[in-house]
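Asker: First the structure, which I've put down as structure tokens, then a few questions once you've had a look.
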Amino acid sequence: SLRQALGRGALTSSLASATPGLPETSRATQSAFSLVSVRFASKKQGGSSSNGRDSNPKFLGIKKYGGEHVRPGAIIARQRGTKWWCGANCGIGVDHTVYSLIAGRVHFTDAHDKHKPGKKVINVVPHEDWPATLAATQARN
């Protein structure tokens, strides 16, 4: 019967229990454990997105193109690593920024290095040498 299945003391203690609907097994477990009710959310929490962040733009790239006039200290290119190498009358910063050392015009060339094919070099040509440099470049192409 039901009394034999639940045990003789379990049925009487469950009837005398202060919490309705939760049977107690014995007095030893009642004192050792306390029952805690947990309420679960009925709606999904708002504002939880996994794609909601972005980094600020770094504004990298060429700032002065071939043939443009630059003054000393003008930034010619900003880069991560050495995509463009500095040549004549150029300097390179600790963050690989290529800048001008003299007043002149920007001139891009390919380095003739067999170990690094396609390596681009940035040069600054003084204004008085620019017509000859431009004529030599056009004759080569």
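The values are calculated or read from the model by the stated rules, or taken from the named source; none is laboratory data. Please read these numbers as outputs of a predicted model, since none were measured by experiment. Neighbour counts are summed over all protein chains in view; Cβ atoms, including those assigned to glycine, are modelled from backbone coordinates with ideal geometry. The accessibility values were calculated without ligands, DNA or RNA, using every heavy atom of the protein model including side chains. Shrake-Rupley method; radii C 1.70, N 1.55, O 1.52, S 1.80 Å.
Asker: Being open to solvent by less than 90 Å² (accessible area, probe 1.4 Å) and modelled with pLDDT of 90 or more is the filter here, so list the residues in region 127-141 that pass it.
Answerer: The answer is His127, Asp129, Trp130, Pro131, Ala132, Thr133, Leu134, Ala135, Ala136, Ala139.
Asker: Also, I was wondering about something else. Across region 57-106, which residue is farthest from the chain's Cα centre (by Cα) among those that are on the phi < 0 side of the Ramachandran plot and aromatic (Phe, Trp, Tyr)?
Answerer: Within region 57-106, the match that is farthest from the chain's Cα centre (by Cα) is Tyr65.
Asker: Let me ask something else about it. Just to be sure before I move on: is Phe40 part of a loop (DSSP other than H, G, I, E, B), modelled with pLDDT of 95 or more and not acidic (Asp, Glu) in the structure I sent?
Answerer: So Phe40 fails the test.
Asker: Sticking with this one: For region 73-126, give me each residue that is loosely packed, with under 14 Cβ neighbours inside 10 Å and of a type in the set (D, E, K, R).
Answerer: Result: Arg80, Asp95, Asp110, Asp113, Lys114, Lys116.
Table: residues versus (1) assigned to a strand (DSSP E or B); (2) of a type outside the set (S, T, N, Q).
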site: Ser48; (1), (2): no, no
site: Asn56; (1), (2): no, no
site: Gly67; (1), (2): no, yes
site: Pro72; (1), (2): no, yes
site: Arg105; (1), (2): yes, yes
site: Phe108; (1), (2): yes, yes
site: Lys116; (1), (2): no, yes
site: Ile122; (1), (2): yes, yes
site: Ala139; (1), (2): no, yes
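Asker: If I ask for residues that are assigned to a loop (DSSP other than H, G, I, E, B) and in contact (Cβ under 8 Å) with a residue 12 or more places away in the chain, which ones from region 75-94 would you list?
Answerer: Gln79, Arg80, Gly81, Thr82, Lys83, Gly87, Ala88, Asn89, listed by residue number.
Asker: Also: Restricting the search to region 57-72, which residues are farther than 16 Å from Asp129 by Cα, exposed (fewer than 14 other Cβ atoms within 10 Å of the Cβ) and charged (D, E, K, R)?
Answerer: Lys58, the sole residue that qualifies.
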